[in-house]
(Lines give C-alpha, C1' and ligand atoms only; values in the text may rest on other atoms or scores of the structure.)
Protein backbone atom coordinates (compact mmCIF):
# COMPACT_ATOMS: atom_id res chain seq x y z
CA UNK A 1 0.00 0.00 0.00
CA UNK A 2 1.28 3.46 -0.94
CA UNK A 3 1.35 5.97 1.93
CA UNK A 4 -0.97 8.95 1.45
CA UNK A 5 1.40 11.68 2.61
CA UNK A 6 3.76 13.02 -0.06
CA UNK A 7 6.21 15.67 1.12
CA UNK A 8 8.33 17.71 -1.26
CA UNK A 9 11.23 19.79 0.05
CA UNK A 10 12.31 22.48 -2.37
CA UNK A 11 15.55 24.44 -2.53
CA UNK A 12 14.35 27.73 -4.02
CA UNK A 13 17.81 28.83 -5.19
CA UNK A 14 18.37 25.93 -7.58
CA UNK A 15 14.82 24.56 -7.80
CA UNK A 16 16.22 21.25 -6.67
CA UNK A 17 13.43 19.20 -5.16
CA UNK A 18 13.79 16.36 -2.66
CA UNK A 19 11.03 13.77 -2.97
CA UNK A 20 9.62 12.07 0.12
CA UNK A 21 6.97 9.51 0.88
CA UNK A 22 6.28 10.12 4.54
CA UNK A 23 9.71 10.63 6.15
CA UNK A 24 11.56 8.52 3.57
CA UNK A 25 13.47 10.29 0.80
CA UNK A 26 12.68 8.29 -2.34
CA UNK A 27 14.15 10.52 -5.03
CA UNK A 28 14.97 13.96 -6.32
CA UNK A 29 14.03 16.29 -9.14
CA UNK A 30 15.07 19.55 -10.70
CA UNK A 31 12.55 22.03 -12.04
CA UNK A 32 13.14 25.00 -14.33
CA UNK A 33 10.13 26.94 -13.10
CA UNK A 34 10.10 29.73 -15.71
CA UNK A 35 10.24 27.15 -18.53
CA UNK A 36 7.86 24.79 -16.67
CA UNK A 37 10.41 22.06 -17.41
CA UNK A 38 11.26 18.93 -15.47
CA UNK A 39 14.98 18.68 -16.16
CA UNK A 40 15.73 15.85 -13.70
CA UNK A 41 13.53 13.21 -12.10
CA UNK A 42 15.00 10.28 -10.19
CA UNK A 43 13.30 7.70 -8.02
CA UNK A 44 15.96 5.74 -6.15
CA UNK A 45 16.18 2.08 -7.13
CA UNK A 46 14.73 0.53 -3.93
CA UNK A 47 11.57 2.62 -4.47
CA UNK A 48 11.07 2.02 -8.20
CA UNK A 49 8.12 0.00 -9.52
CA UNK A 50 6.00 0.78 -6.45
CA UNK A 51 3.93 3.62 -7.93
CA UNK A 52 5.89 6.37 -6.17
CA UNK A 53 7.22 7.93 -9.38
CA UNK A 54 3.76 8.21 -10.91
CA UNK A 55 2.30 9.61 -7.72
CA UNK A 56 5.08 12.15 -7.19
CA UNK A 57 5.10 13.16 -10.86
CA UNK A 58 1.39 13.88 -10.53
CA UNK A 59 2.12 16.18 -7.57
CA UNK A 60 4.93 17.95 -9.46
CA UNK A 61 2.72 18.41 -12.53
CA UNK A 62 0.08 20.12 -10.38
CA UNK A 63 2.52 22.25 -8.37
CA UNK A 64 4.64 23.51 -11.28
CA UNK A 65 2.27 23.13 -14.27
CA UNK A 66 5.01 21.27 -16.13
CA UNK A 67 4.80 21.29 -19.93
CA UNK A 68 8.10 19.74 -21.02
CA UNK A 69 10.96 17.58 -19.82
CA UNK A 70 14.18 15.86 -20.81
CA UNK A 71 14.55 12.09 -20.87
CA UNK A 72 17.24 9.87 -22.33
CA UNK A 73 16.06 8.39 -25.63
CA UNK A 74 16.66 4.80 -24.44
CA UNK A 75 14.89 5.14 -21.06
CA UNK A 76 11.77 3.24 -22.11
CA UNK A 77 10.39 2.85 -18.58
CA UNK A 78 10.51 6.60 -17.89
CA UNK A 79 9.13 7.42 -21.34
CA UNK A 80 6.18 5.12 -20.64
CA UNK A 81 5.43 6.95 -17.37
CA UNK A 82 5.70 10.38 -19.01
CA UNK A 83 3.43 9.32 -21.86
CA UNK A 84 0.77 8.39 -19.28
CA UNK A 85 0.81 12.08 -18.32
CA UNK A 86 0.32 13.20 -21.92
CA UNK A 87 3.93 13.96 -22.81
CA UNK A 88 4.91 13.15 -26.40
CA UNK A 89 8.33 12.65 -27.97
CA UNK A 90 9.27 15.78 -29.89
CA UNK A 91 12.78 15.03 -31.04
CA UNK A 92 15.59 12.63 -30.14
CA UNK A 93 17.85 15.06 -28.34
CA UNK A 94 19.79 13.07 -25.76
CA UNK A 95 22.37 10.48 -26.68
CA UNK A 96 25.02 8.70 -24.69
CA UNK A 97 28.45 9.39 -26.14
CA UNK A 98 31.75 7.76 -25.19
CA UNK A 99 35.40 7.96 -26.04
CA UNK A 100 36.86 4.51 -26.53
CA UNK A 101 39.82 4.48 -24.13
CA UNK A 102 41.39 1.56 -26.00
CA UNK A 103 41.19 3.41 -29.30
CA UNK A 104 43.60 6.19 -28.31
CA UNK A 105 42.19 8.30 -31.15
CA UNK A 106 40.34 11.43 -30.04
CA UNK A 107 40.06 13.04 -33.48
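The values are calculated or read from the model by the stated rules, or taken from the named source; none is laboratory data. This is a predicted model, so every value here is computed, not measured. Note that we place each Cβ from the backbone using ideal geometry, even for glycine, and neighbour counts take in every protein chain shown.
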- Subset of region 23-36 that is modelled with pLDDT under 90 and touching a strand residue (DSSP E or B) at 6+ places or on another chain (Cβ under 8 Å) - its residue that is surrounded by the fewest Cβ atoms within 10 Å (Cβ to Cβ): 35
- Query: Which one of 81, 71 is without any contact (Cβ under 8 Å) to a residue 40 or more places away in the chain, in contact with a helix residue (DSSP H, G or I) (Cβ under 8 Å, 6 or more places away or on another chain) and within 16 Å of residue 30 (Cβ to Cβ)?
  - Reply: 71
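For every residue, the table says whether it meets (1) assigned to a loop (DSSP other than H, G, I, E, B); (2) at pLDDT below 90; (3) more than 22 Å from residue 22 (Cβ to Cβ).
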residue	(1), (2), (3)
46	no, no, no
53	no, no, no
59	no, no, no
62	no, no, no
66	yes, no, yes
72	yes, yes, yes
88	yes, no, yes
91	yes, yes, yes
- Breaking point among (1) modelled with pLDDT under 75; (2) touching a strand residue (DSSP E or B) at 6+ places or on another chain (Cβ under 9 Å), for residue 13: (2)
- Item | Where a residue in region 28-53 is on the phi > 0 side of the Ramachandran plot and its partner, wherever it lies, is exposed (fewer than 15 other Cβ atoms within 10 Å of the Cβ), with Cβ under 6 Å and at least six apart | 36/65; 36/67; 51/2
